[in-house]
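What follows is a single structure, written as structure tokens, with notes after it.
The values are calculated or read from the model by the stated rules, or taken from the named source; none is laboratory data. All of these numbers come straight from a predicted model, not from anything done at the bench. As a convention, Cβ positions derive from the backbone with ideal geometry for all residues, glycine included, and neighbour counts pool all protein chains shown. With ligands, DNA and RNA removed, areas are computed over all heavy atoms of the protein, side chains included. Shrake-Rupley method; radii C 1.70, N 1.55, O 1.52, S 1.80 Å.
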Amino acid sequence: MIQVSAKTTRKLDPEALGDHLDRLFRAAWALCGSREDAEDLVQETYERVLRRPRFMRREDDLGYLFRTLHNTYFNARRTASRRPQVAAQLDDVQAASSRSDLQPERAAETSLVFEAVAALPQPMREALVAVDVLGLSYAEAGKALGVHENTIPSRLARARLKVAEGLEA
């Protein structure tokens, strides 16, 4: 049995997790490149976190949630890569209604940005999502991504440049 010291850990408050929903959704959208996939990813992340009590060690909730979101995303991609691919016919897919009907110009612009972010190589995309979308510090992003914090600024600069170039094209 694992003993948890009350001095160095605290229990993750499930009631406070909703405070991070918008930022995690933006991060998921940037990772996935699809609004629908992002919704599924955030839902799966919250389901995993809420499945059992979680204890935090000197870590903020957002950093922990992003690391869980990141791991959930790549575990799902790894699993999907092992399955045979089945293509759906256009007639099989129903058109989804979205809130973009209210502001089509902004929705199109947001979609272009997220598509450019999703097209980045994985290390650059992860750094950009962690810092620019979630607002993590370089140290928090490095810890969440499992790299040294000094790696984050260079990945971030290259990612921002590639996104800007992609939007100009």
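Please work out which one of (1) open to solvent by less than 70 Å² (accessible area, probe 1.4 Å); (2) of a type outside the set (S, T, N, Q); (3) assigned to a helix (DSSP H, G or I); (4) at pLDDT 75 or above is the condition Met56 fails and give its number. It is condition (3) that Met56 fails. Take the residues of the range 11-41 that are of a type outside the set (Asp, Glu) and exposed (fewer than 15 other Cβ atoms within 10 Å of the Cβ): which is nearest to Ala107 (Cα to Cα)? Checked the range 11-41; the qualifying residue nearest to Ala107 (Cα to Cα) is Leu21. Within the range 49-71, residues that are hydroxyl-bearing (Ser, Thr, Tyr) have Cβ atoms under 6 Å from residues that are assigned to a helix (DSSP H, G or I) in these pairs: Thr68/Thr45; Thr68/Val49, counting only partners at least 6 apart in sequence or on another chain.
Any residue in the range 16-34 that is under 13 Å from His70 (Cα atoms) and in contact (Cβ under 8 Å) with a residue 40 or more places away in the chain sitting within a Cβ distance under 8 Å of a residue that is open to solvent by less than 30 Å² (accessible area, probe 1.4 Å) and part of a loop (DSSP other than H, G, I, E, B)? List the pairs, counting only those 6 or more apart or interchain. So the pair list comes out as Leu24/Leu134; Arg26/Leu134; Ala27/Leu134. Inspect the range 42-52 for any residue being surrounded by fewer than 15 Cβ atoms within 10 Å (Cβ to Cβ) and not in a helix (DSSP H, G or I) and give the result as yes or no. Checked the range 42-52: at least one residue is surrounded by fewer than 15 Cβ atoms within 10 Å (Cβ to Cβ) and not in a helix (DSSP H, G or I).
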